[in-house]
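Below: one structure, written as structure tokens.
The values are calculated or read from the model by the stated rules, or taken from the named source; none is laboratory data. Predicted, not measured: the structure shown is a model, and the values here were computed from it. Cβ coordinates were reconstructed from backbone atoms using ideal geometry, including for glycine residues, and neighbour counts include every protein chain displayed. Side chains included, ligands, DNA and RNA excluded: accessible areas come from the protein's heavy atoms. Shrake-Rupley method; radii C 1.70, N 1.55, O 1.52, S 1.80 Å.
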Amino acid sequence: MNDFAQSLQTALALITTADPALVRTVWLSLVVSGTACLFAAGFGLACGAWLAVARFPGHRAVVLLLNTLLALPSVVVGLTVYLLLSRSGPLGSLGILFTPTAMVIAQTMLVFPVVAALARQLVGDSLRDGGDQLRSMGAGPLTCALLMLVHDRWAVVTLLLAAFGRAISEVGAVMIVGGNIDGVTRVMTTAIALETSKGDLPLAMALGLLLLVVVAIINVLIGFVRRGRGSALAGVR
């Protein structure tokens, strides 16, 4: 039996027997990324809706910056948060570096531009199609924008699922600010990198398979949401 087949067999055994280290790592990954997406959704959706209707000097520059941050490397986010939370940084007194809290902050910063930029585009497109009716009823610009988010809730759910997929699959930011401490800050992506470098291929492969399962579930949910959106639009017509 070659190394790949043997590693795969051992990896499947770790999954089927619910290895404690494996379960702990997967659970922390879900909690950190899920929490980060909740924070990013709260701030990002509001910011995106506001940018869709706000007009102020430098508005185009802000939108350009936000769109640029869509390609922000995760290691840059990790470095920024590290400098802020390190002992000599402005927030060093909080003492949260190398904790799950620092990882949540890093992933929130990483996902926020995705949510805000896509929400701004979604609201802008929706207002061009149906904003006149809301304005004729006396709704203000920001109220119109927020109502459009509620109206396009299926698209918002798809957006948030995509943001969660971006968060749970990144490795650079959480590696820098979390330190990859076993049982404390080790998540799936950082554990895969560490175990591969150590030569523990079965555990790395097991985590990789589970990460693929999580991403596949996200894609399936996005498919269900899109079908639900299509059914809702057909019902309206």
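Solvent exposure of the chain, expressed per residue, is 54 Å² of accessible area, with all protein chains present and a 1.4 angstrom probe.
Springs join every pair of Cα atoms under 10 Å in this Gaussian network model of the chain, and among L94, L142, L122 the largest mean-square fluctuation is at L94. The string of couplings for the range 10-15 from the Karplus curve (6.51, -1.76, 1.60, θ = phi - 60°) is 5, 4, 5, 5, 4, 6 Hz, one whole number per residue in order, with x for Gly and Pro. Find the percent of Cα-Cα distances in the chain that exceed 29 Å, and round it to a whole number. More than 29 Å apart: 40 percent of the Cα pairs in the chain. Neighbours of N67 by Cβ distance under 11 Å: Lys/Arg scored +1, Asp/Glu scored -1, total +2. Here the accessible area is traced with a 1.4 Å probe on the protein chains. For the chain, carbon and sulfur cover 68 percent of it. Only one residue of L65, L201, F98 has its Cα farthest out toward the positive end of the dipole of the chain, where Lys and Arg carry +1 and Asp and Glu -1 on Cβ, and that residue is L65. The residues packed around T10, meaning those with a beta-carbon under 15 Å from its beta-carbon, carry a net charge of -3 if Lys and Arg are +1 and Asp and Glu are -1.
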